[in-house]
1. Applying a 10 Å radius around every beta-carbon, put 89-98, 4-13, 291-300 in order of their mean neighbour count, most first.
2. Sticking with the crude label model, points 7 Å out along Cα→Cβ, report the distance from SER235 to LYS296 in nm, one decimal please.
3. Quick one: which residues, 5+ away or cross-chain, put their amide H under 5 Å from the amide H of LYS73? H built at 1.01 Å from N.
4. Tell me the label-point distance for the pair GLU10, ASP383, using the 7 Å Cα-to-Cβ offset, in nm and rounded to one decimal.
5. Ranked from highest to lowest mean number of other Cβ atoms within 10 Å per residue, what is the order of the peptides 359-370, 319-330?
6. In nm, give the distance between the simple-model label positions of GLU125 and ASN3, each being 7 Å from the Cα along the Cα-to-Cβ direction.
7. Roughly what percent of Cα-Cα pairs across region 119-215 reach past 21 Å?
8. Given the pairs LYS74/LYS97; LYS304/LYS395; LYS66/LYS97; LYS73/LYS304, which are separated by over 25 angstrom at their Cα positions?
Amino acid sequence: MKNEVILKVENLSKQYRLGTVGSGTISHDLNRFLAKIRGKEDPYLKIGESNDRALKGDSEYVWALKDINFEVKKGEVLGIIGKNGAGKSTLLKILSKVTGPSTGSIKSNGRIASLLEVGTGFHPEMTGKENIFLNGAILGMTKKEIQSKLNEIVSFSGCERYIDTPVKRYSSGMKVRLAFAVAAHLEPDILIVDEVLAVGDAEFQKKAIGKMQDISNEGGRTVLFVSHDMAAIQSLCTKGIVLNNGTIGFVGSAVEAIENYLKVGGDQINLDFKKRKDRIGKGNLKISDLKILDDKDNVVNIIKTGQKVKFRVLIDNNINNTFEKCRLSLSISSNGKYFLLLSTELGKNNYLKLSGGDVIEFEIPKLPLTKSDFNLEVFLESDGEVQDWIEHAMKFSVEDGLFYDGPTNYPKGWAGKTVLVNYSYTKS
């Protein structure tokens with residue numbers, strides 16, 4: 001059944017004692033033991049601070065995860081995102097039973113295959129082929145079942161030449177290729193993949209993401225995917241969870257989760273422009289909405305290099321007048337450096353006439369920006385007077401993509417630091 005809950009996490013928490021291996025000192029272990037035989041709660045679970053790596057804190061105990069609750073249905077692809085140290089890898093290790101929780105429970109229905117770190121589950125002295133059979137046996141598969149998948153696994157990994165060589169002689173990329181091929185092809189009910197795919201080359205990452213989509217769509221199996229690549233999360237996942245200092249900050253669709261993550265991580269930008277207070281200008285004309293659209297007119301905040309992109313701006317008129325000699329500009333910057341300027345003054349008409357309900361759309365046929373996080377600044381004036389200016393209007397990210405299709409295929413009008421693009425003007 002497609003809507004069947006295959007994984008349920010309830011009140012899950014994980015506590016660590018800083019600077020130690022294990023639970024701590026003998027006295028701490030004795031106190032825990034005495035509390036247990038008396039039927040009382042572990043006294044050290046009552047203390048501890050949140051998992052904020054930026055703060056020094058006073059307690060030697062820290063909650064890597066605290067009160068995590070969520071469920072995943074069969075066939076769903078769940079993206080887990082958050083800053084470094086937010087608890088993503090700890091959560092996956094608990095789900096994979098590499099480590100246990102301090103409190104809470106996990107209920108799963110089916111076999112779980114995990115890809116957490118380079119070489120996880122591989123015996124270094126055994127060959128690639130032997131490790132395939134070892135991993136299959138751990139998952140509870142028979143030798144015959146593994147044999148039927150062997151050629152497919154080896155072909156997908158691209159490691160045919162080295163399949164009879166001990167894994168200890170593999171590069172990190174080869175280990176990842178083989179490990180993913182094994183995990184994906186041995187038919188787990190739940191596939192858990194950490195950031196480890198970033199070790200592979202771009203070709204293999206694309207291949208792996210395609211395979212995970214097939215696993216979900218065709219096989220009806222569930223995938224849990226952790227990545228800092230927001231484009232991969234957006235294209236692959238149906239649902240998203242944002243972890244923040246060991247707690248769940250947001251649960252929703254993948255697109256909503258990415259928006260939440262970028263908003264929280266990006267100066268608390270309020271995406272509702274009508275309620276924005278961080279603006280300068282007379283305010284008779286105001287920017288009421290700003291959206292970034294892909295080539296299919298989907299609203300996005302993650303774009304790939306070389307992708308067609310549109311910036312759509314809606315303008316409201318607060319006094320019902322027609323304003324002459326209007327100019328709208330969008331500037332794109334990263335870390336205080338400006339990279340692109342989009343302006344109606346650079347198009348066919350130097351000025352616009354605005355009366356409210358105006359929609360101005362800039363289109364870039366091929367985005368000439370490389371991988372980074374960017375800030376979008378908007379500026380609107382009429383007859384030389386500033387009407388609306390928002391310095392930090394929106395954050396968006398650019399991921400690696402194909403820009404050059406040929407030696408002279410530049411985007412139209414590309415001129416160094418200013419991109420000249422045609423804009424369209426309509427009434428909403």
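1. 89-98, 4-13, 291-300
2. 1.2
3. Result for LYS73 returns ILE6.
4. 6.8
5. Top to bottom by mean Cβ count within 10 Å: 359-370, 319-330.
6. With each label placed 7 Å out from Cα toward Cβ, I get 5.3 nm.
7. 25
8. From the list (LYS74/LYS97; LYS304/LYS395; LYS66/LYS97; LYS73/LYS304), the Cα-Cα distance tops 25 Å for LYS73/LYS304.
No lab work stands behind these numbers, since they all come straight from the coordinates. All values derive from a computational prediction rather than experimental measurement. All Cβ positions, even for glycine, are placed from backbone atoms using ideal geometry, and neighbour counts span all protein chains on display.
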